[in-house]
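The values are calculated or read from the model by the stated rules, or taken from the named source; none is laboratory data. Note that the structure is a prediction, hence the values are computed from the model and not measured. Counting neighbours? That spans all protein chains shown, and the Cβs are built from the backbone with ideal geometry, glycine included.
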Ligand code: SF4
């Protein structure tokens, strides 16, 4: 029963990808001109909005510091000043310098050599760097290095929680559970498509998070509303299925407004 529910959650997440793709179309992530700029963005976006990251990247571009060579050469204090708009500059600047030092010492300063290392060794190596958590490591692996690694974030966590997708995964840490669920959702797709699908899925969850599923859920008009109708409990406590869907209709408006209220 538990295995069936987990499989159900994964297949629902796969369908949610399709609903989001139909609603929003291709997302063309990550918004950057080079793999190194993606890595910079992955660090800078921690705990801050992308608009602030864009200001820091514009500063770096204006100062000619969007290359590995320039980041090696720039003084730490100057780097801190340039990335100040995206916050935590005293922590993020040394973290960026530490990334470049690791690249130079262990991968001959080459992002290609980094990408060629086995993902199973690369991920823990990135996680051992200062200022790198699972989301930053996985964003670098997926978007900068093109590896088939799912990225989870606060938007996906909210969606999974509101749609009761992780009810049977209490033993896993939230990030690992979300990444594992995403991996299982796309497990039936051809392996060679995984990097593209993980790329698109993360971008799409950010899109729906920004337009509908922020701190307050705005379910009306959301492309995932149909799945939410399945997820919310019916009057007798079961998940909604096509067979019992009529029992559910009267409860739905009340449930979603309660959800909205809980997140206000
Ligand atoms: S806004 Fe509502 S329907 Fe849309 S993803 Fe969030 S909880 Fe689901």
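Restricting the search to the range 74-114, which residues are under 27 Å from residue 146 (Cβ atoms) and in contact (Cβ under 8 Å) with a residue 40 or more places away in the chain?
Matches in the range 74-114: 86, 92, 95, 96, 99, 109, 111.
I'm checking my understanding of the structure. Among residues of the range 124-144 that are surrounded by fewer than 17 Cβ atoms within 10 Å (Cβ to Cβ) and in contact (Cβ under 8 Å) with a residue 60 or more places away in the chain, which one is farthest from residue 100 (Cα to Cα)?
Going through the qualifying residues, I end up with 133.
Quick one: would you say residue 40 is farther than 30 Å from residue 223 by Cβ and buried (at least 19 other Cβ atoms within 10 Å of the Cβ)? Don't jump to the end; show me each part of the working.
On the way: farther than 30 Å from residue 223 by Cβ: yes; buried (at least 19 other Cβ atoms within 10 Å of the Cβ): yes.
Judged against the criteria, residue 40 is a match.
Can you find even one residue in the range 190-206 that is in contact (Cβ under 8 Å) with a residue 60 or more places away in the chain, surrounded by fewer than 20 Cβ atoms within 10 Å (Cβ to Cβ) and outside the structural domain of residue 51 (by TED's automatic domain parsing)?
Within the range 190-206 (the criterion being in contact (Cβ under 8 Å) with a residue 60 or more places away in the chain, surrounded by fewer than 20 Cβ atoms within 10 Å (Cβ to Cβ) and outside the structural domain of residue 51 (by TED's automatic domain parsing)), the answer is no, since none of the residues qualifies.
Consider the range 211-226. How many of its residues are more than 6 Å from the ligand (Cβ to nearest atom) and over 20 Å from the mean Cα position of the chain (by Cα)?
Going residue by residue through the range 211-226, those that are more than 6 Å from the ligand (Cβ to nearest atom) are 211, 214-216, 220-221, 223, 226.
Now drop any that are not over 20 Å from the mean Cα position of the chain (by Cα), which leaves 220-221, 226.
Qualifying residue count, the range 211-226: 3.
Please verify whether the range 15-32 includes one or more residues that are farther than 24 Å from residue 201 by Cα, under 23 Å from the mean Cα position of the chain (by Cα) and either not in a helix (DSSP H, G or I) or not assigned by TED's automatic domain parsing to the domain that holds residue 144 (or both). Full working, then the answer.
Here is the first cut: in the range 15-32, the ones farther than 24 Å from residue 201 by Cα are none.
No, because not a single residue in the range 15-32 is farther than 24 Å from residue 201 by Cα, under 23 Å from the mean Cα position of the chain (by Cα) and either not in a helix (DSSP H, G or I) or not assigned by TED's automatic domain parsing to the domain that holds residue 144 (or both).
Within the group 215, 240, 251, 246, which residue is buried (at least 18 other Cβ atoms within 10 Å of the Cβ), over 18 Å from residue 20 (Cβ atoms) and at pLDDT below 95?
On the way: 215 fails: buried (at least 18 other Cβ atoms within 10 Å of the Cβ); 251 fails: buried (at least 18 other Cβ atoms within 10 Å of the Cβ); 246 fails: buried (at least 18 other Cβ atoms within 10 Å of the Cβ).
Selected residue: 240, the only one of 215, 240, 251, 246 that is buried (at least 18 other Cβ atoms within 10 Å of the Cβ), over 18 Å from residue 20 (Cβ atoms) and at pLDDT below 95.
Among the numbered conditions (1) at pLDDT 95 or above; (2) crowded, with 17+ Cβ neighbours inside 10 Å; (3) more than 29 Å from residue 98 (Cα to Cα); (4) over 13 Å from the mean Cα position of the chain (by Cα), tell me where residue 147 comes up short.
Residue 147 satisfies every listed condition except (3).
Consider residue 181 against the criteria (1) surrounded by fewer than 17 Cβ atoms within 10 Å (Cβ to Cβ); (2) assigned to a helix (DSSP H, G or I): it satisfies all of them except one. Which criterion is unmet?
Among (1) surrounded by fewer than 17 Cβ atoms within 10 Å (Cβ to Cβ); (2) assigned to a helix (DSSP H, G or I), residue 181 violates only (1).
Counting only residues that are within 16 Å of the ligand (Cβ to nearest atom) and not in a loop (DSSP other than H, G, I, E, B), how many does the range 149-178 have? Write out each step before concluding.
The initial filter retains those residues of the range 149-178 that are within 16 Å of the ligand (Cβ to nearest atom), namely 152-167, 178.
Going one step further and asking which of them are not in a loop (DSSP other than H, G, I, E, B), we end up with 154-162, 178.
Number of matching residues: 10.
Can you give me the ranges of the helices (runs of 4 or more DSSP H) entirely in the range 81-148 with at least 3 residues that are within 14 Å of residue 42 (Cβ to Cβ)? Break it down stepwise before answering.
Details: elements: 89-107, 111-116, 119-127, 134-139.
Answer list for the range 81-148: 89-107, 119-127, 134-139.
Among the residues of the range 165-176, write down those that are buried (at least 18 other Cβ atoms within 10 Å of the Cβ) and either within 23 Å of residue 212 (Cα to Cα) or within 10 Å of the chain's Cα centre (by Cα) (or both). Can you show your working first?
At the first step, the residues of the range 165-176 found to be buried (at least 18 other Cβ atoms within 10 Å of the Cβ) are 165-166, 169.
Those that are buried (at least 18 other Cβ atoms within 10 Å of the Cβ) and either within 23 Å of residue 212 (Cα to Cα) or within 10 Å of the chain's Cα centre (by Cα) (or both): 165, 166.
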